[in-house]
Amino acid sequence: MPSLIDFRRRIRSVKNTQQITKAMKMVSAAKLRRAQDAVIAARPFSNSLRQMLANVAAAAKGTDAAAEHPLLAERREERVLAIVINSDRGLAGAFSTNINRGAQKFLTEDKAGRKWEIEAVGKKARDYFRRRGFTIVGETFNLTKAPKYADVAAIGRKVAGRYAKCEVDSVYLIYNEFKSVMSQKLDIVQVLPVPLPAETATADYIFEQPAEELLATLLPKYVETVIYRAVLESAAAEHAARMTAMDAASSNAADVIERLTLYMNRVRQASITREIIEVVSGASALE
Amino acid sequence: MAATFELEVATPDRLLVKDQVAEAQIPGLNGYVGILPDHAALLSELGSGLLTYTVGGNSRSVVVSGGWVEVLPTHTRVLAASAERPDEIDLKRAQESLDRAERRLKEAGDWDIARALRAAERARARLEAASKTGR
């Protein structure tokens, strides 16, 4: 039977752990709020850009430029590039596992028989796919801490450039969508060839520049914003997942402490009882 | 005719302006465009410069550069690559980048001329905006 001092030691160690998980929960809660604000702040731009792209695409429809734009060109899908957005650090529950598994399943099942490439955002994505022997064409770390548009745009430009040069035939974005604090949803969206929004033109425009020219400048920007939005969503989802995981860890620690304290008291009582019996039986032996 | 229309100025990471305005002057790629309510639908690329608008009789401005502007009768959307309020402009940085760009334009070198021109234009717009608002 473990002695009193062993119990005390274990309780102290669990308490320390609990303190850390509690602190991490608080930190994640604060970061989550900031990440959520960033998601909301980025929304007007991406929504408007989408609308604008739909309008311009409708106006440019049928022209050669629209049909021939390199980012719209549809090819036979032989080489698939997946941009996997994951976290850099663990302790966020099933967050990174969900993303990696989902991405792997998407490639090996839905895109079976093609050549796969991975553009990894976050260490967790890089490590997972490198271990499994996937081709990793690019890696970006520490992006989700405080996503900057310029950094994300660089990924977008690189990917769009490779697509235009026919190095890949399609690009998908795999990330965790921030649904609520309690739940994230795995989302897979096609980035390239750009799926043109289906909305019809809302007005008959005067074009200062020809619609084809506008389309050519809008498309790369659109690709960048789609990725940027995904990175922001993923950052918010990561903090939410970590917060939930740390909350669960804290309450588990509380359970363990309670159970240990109960055992400890039992052991203490047992030893007191034993001592009393010893004293009493010793006294009765003298009579 | 409505007396105002909605003006929205957004950059990839934030929404700068969302107001009912009486008129707006927007720097298009081919020169300034003045917008009043019920303007005909228009789409243009955005140049660099000072975007001014009138809200309830007060004139306000933001510096924008790069992007697009979409005008519809009841609202106008400006999607800028970068946009700042005049009080957010980093004067020192703008001056430095103007100097750098001008130096590059003067000395023949290995630079991207078009990019230097754009940088100079951007920096000038920022400095001009700052001086106009009395800083």
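When you go through A:Leu219, A:Leu214, A:Leu196 one by one, which is the residue that is of a type outside the set (Phe, Trp, Tyr), in a helix (DSSP H, G or I) and away from chain B (no Cβ under 11 Å)?
After applying the criteria, what remains is A:Leu219.
Quickly run through region A:119-140 and pick out the residues that are farther than 14 Å from A:Glu167 by Cβ and outside any helix (DSSP H, G or I).
Pass one, region A:119-140, residues farther than 14 Å from A:Glu167 by Cβ: A:120-134, A:136, A:139-140.
Across region A:119-140, the qualifying residues are A:Ala120, A:Val121, A:Gly122, A:Arg132, A:Gly133, A:Phe134, A:Ile136, A:Glu139, A:Thr140.
For B:Ala3, are the conditions met, namely being in a loop (DSSP other than H, G, I, E, B), of a type outside the set (Lys, Arg), more than 9 Å from chain A (Cβ to nearest Cβ) and surrounded by fewer than 17 Cβ atoms within 10 Å (Cβ to Cβ)?
So B:Ala3 passes the test.
Quick grid of which residues meet (1) farther than 23 Å from A:Ala154 by Cα; (2) surrounded by 13 or more Cβ atoms within 10 Å (Cβ to Cβ); (3) free of Cβ contacts under 8 Å to residues at least 60 places away in the same chain; (4) not assigned by TED's automatic domain parsing to the domain that holds A:Ile85:
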residue	(1), (2), (3), (4)
A:Leu196	no, yes, no, no
A:Gln209	yes, yes, yes, no
A:Glu212	yes, yes, no, no
A:Val226	no, yes, no, no
A:Ala237	no, yes, no, no
A:Tyr263	yes, yes, no, yes
A:Arg266	yes, no, yes, yes
A:Arg274	yes, no, yes, yes
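Quick check: is even one residue across region A:91-100 outside any loop (DSSP other than H, G, I, E, B), within 30 Å of A:Lys22 (Cβ to Cβ) and among the hydrophobic types (A, V, I, L, M, F, W, C)?
Looking for residues that are outside any loop (DSSP other than H, G, I, E, B), within 30 Å of A:Lys22 (Cβ to Cβ) and among the hydrophobic types (A, V, I, L, M, F, W, C), one finds at least one in region A:91-100, hence yes.
With the condition kept exactly as written, say whether any residue in region A:48-63 is more than 14 Å from chain B (Cβ to nearest Cβ), at pLDDT below 90, in a helix (DSSP H, G or I) and more than 19 Å from A:Val189 (Cβ to Cβ).
Within region A:48-63, not a single residue is more than 14 Å from chain B (Cβ to nearest Cβ), at pLDDT below 90, in a helix (DSSP H, G or I) and more than 19 Å from A:Val189 (Cβ to Cβ).
For residues that are part of a loop (DSSP other than H, G, I, E, B) and either polar (S, T, N, Q) or more than 7 Å from chain A (Cβ to nearest Cβ) (or both), tally how many sit in region B:30-51. Don't jump to the end; show me each part of the working.
At the first step, the residues of region B:30-51 found to be part of a loop (DSSP other than H, G, I, E, B) are B:30, B:36-41.
Next, only the ones that are either polar (S, T, N, Q) or more than 7 Å from chain A (Cβ to nearest Cβ) (or both) stay: B:30, B:36-39.
Total satisfying the criteria: 5.
Does A:Ala248 satisfy being in a helix (DSSP H, G or I), out of contact with any Leu (no Cβ under 9 Å at 6 or more places or on another chain) and more than 14 Å from every other protein chain (Cβ to nearest Cβ)?
yes
Can you tell me which condition A:Arg75 does not meet? The list is (1) assigned to a helix (DSSP H, G or I); (2) over 29 Å from the mean Cα position of the chain (by Cα); (3) outside the structural domain of A:Val267 (by TED's automatic domain parsing), and all the others hold.
(1)
Checking B:Ala101 against (1) more than 26 Å from A:Glu213 (Cα to Cα); (2) at pLDDT 85 or above, which test does it fail?
Evaluating B:Ala101 over (1) more than 26 Å from A:Glu213 (Cα to Cα); (2) at pLDDT 85 or above leaves (2) as the failure.
I need the full set of residues from region B:10-29 which are assigned to a strand (DSSP E or B), facing another protein chain (nearest Cβ under 9 Å) and crowded, with 16+ Cβ neighbours inside 10 Å, in order please.
Residues satisfying the conditions are B:Ala10, B:Thr11, B:Arg14, B:Leu15, B:Gly28.
In region B:53-83, which residues are surrounded by fewer than 19 Cβ atoms within 10 Å (Cβ to Cβ) and either outside any strand (DSSP E or B) or more than 14 Å from every other protein chain (Cβ to nearest Cβ) (or both)?
If the condition is that a residue be surrounded by fewer than 19 Cβ atoms within 10 Å (Cβ to Cβ) and either outside any strand (DSSP E or B) or more than 14 Å from every other protein chain (Cβ to nearest Cβ) (or both), then B:Thr54, B:Val55, B:Gly56, B:Gly57, B:Asn58, B:Ser59, B:Arg60, B:Ser61, B:Pro73, B:Thr74 are the ones that fit.
The values are calculated or read from the model by the stated rules, or taken from the named source; none is laboratory data. A quick note: this is a predicted structure, and the numbers were derived from the prediction, not measured. All Cβ positions, even for glycine, are placed from backbone atoms using ideal geometry, and neighbour counts span all protein chains on display.
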